[in-house]
1. Has segment 146-155 got at least one residue that is at negative phi and in contact with a His (Cβ under 6 Å, 6 or more places away or on another chain)?
2. Within the bounds of segment 168-178, is there any residue that is in a helix (DSSP H, G or I) and within 15 Å of the chain's Cα centre (by Cα)?
3. Residues in segment 185-206 that are touching a strand residue (DSSP E or B) at 6+ places or on another chain (Cβ under 8 Å), of a type outside the set (Gly, Ala, Ser) and at pLDDT 95 or above: how many?
4. Exactly one condition in (1) within 27 Å of Trp249 (Cβ to Cβ); (2) among the aromatic types (Phe, Trp, Tyr); (3) buried (at least 23 other Cβ atoms within 10 Å of the Cβ) is not met by Phe79; state its number.
5. Residue check: is Arg42 at pLDDT 65 or above and either of a type in the set (Lys, Arg) or part of a helix (DSSP H, G or I) (or both)?
6. Going through Leu196, Leu179 one at a time, which residue ends up being within 22 Å of Cys73 (Cβ to Cβ), in contact with a Gly (Cβ under 8 Å, 6 or more places away or on another chain) and in contact (Cβ under 8 Å) with a residue 60 or more places away in the chain?
7. Pull up segment 151-184, narrow it to residues that are farther than 19 Å from Arg134 by Cα and of a type in the set (Lys, Arg), then point me to the one that is modelled with the highest pLDDT.
8. Do you know which residues across segment 132-157 are more than 20 Å from the chain's Cα centre (by Cα) and of a type in the set (D, E, K, R)?
Amino acid sequence: MIDPNVCAPRPAERRRLPPWLKRPLAASGTANRLSQRLSDSRLHTVCAEARCPNQGECFGRGTATFLILGDTCTRNCGFCGIGHGSPAPVDKDEPRRVVEAVARMGITHAVITSVTRDDLADGGAGQFAEVITRMRRELPDVSVEVLVPDFAGNNDALDGVLNARPDVFNHNVETVPRLYPSVRPGAEYRLSLRILARAAGAALELMVKSGLIVGLGETDEEVHSALADMRAAGCVMVTIGQYLRPSQWQLPVVAFVAPPQFEAYREYALGIGFAQVSSAPFVRSSYRAGELLAKVDGATARGAKGASSSQGSTTK
């Protein structure tokens, strides 16, 4: 059973990684230069703050997922490596710097996420809307994907983001409902489903996306049930990846899921009507997000008709 006390440090894992989780080191030159440019622009990325295993590869390719509203979260999720505590005030100039960085980096599909800001009346939704609006005005050829928190269930805040019209609206369910008390304390499984459903029902030309991490003690049946719930809510794109412990402060890995099981999850998700599925050990919600979007049949996704697809997953 997973220890629900996510605040206490745990002994460092000594488990040997299976062969499919071993990979060559990415070249550091381009990655280091990009990291320095982002630092100089006073911008954060989820790649660095959450200690993503894909950071070297993505930075090396000149891409990053921008983390707005600071680098301090008001929640302490058991799986997440981002720091938590009392955040700094909202930086009103941040949207301008994000858009400038997207232009300077030559990014064609920008992914914007944030820490959770329960200290703000709108949960930070206004900052998301401002980034999208600026991107639309200054970089109209760039597609925009947002990965948002739950805004504490504030529908007006959520609608503000939706009305700014991102191309992709992503809100991660993250795990199965049984594990929420330890994996996502402070969040609600049914609230996340309602957020996806509200986005899908907004009559806007956007694609609704969500994601799961596995290896936290969930069963295959629970994963299938969560996928079915997301699809019923109107989600048309989904990512499934292996949980890897960022540090001793996060939950331990319960299981390393083998690649054939990820392929089985992909086949199941496609079979219940997802338009596109990315399922593999190193997949994360924003990993190669532009490539996943490009694979989706726009008419099927926007209409949420649930047509099956035989496209391959995005893998390492």
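1. Checking segment 146-155: at least one residue is at negative phi and in contact with a His (Cβ under 6 Å, 6 or more places away or on another chain).
2. For segment 168-178, residues in a helix (DSSP H, G or I) and within 15 Å of the chain's Cα centre (by Cα): absent.
3. So the answer is 1.
4. Condition (3) is where Phe79 drops out.
5. When the stated conditions are applied, Arg42 passes them.
6. Leu179
7. By that ranking, first place goes to Arg178.
8. Scanning segment 132-157 gives Arg134, Arg136, Arg137, Glu138, Asp141, Asp156.
The values are calculated or read from the model by the stated rules, or taken from the named source; none is laboratory data. In this text the structure is predicted, and so the values were computed from the model without any measurement. Virtual Cβ from ideal backbone geometry, glycine too; neighbours counted across all protein chains shown.
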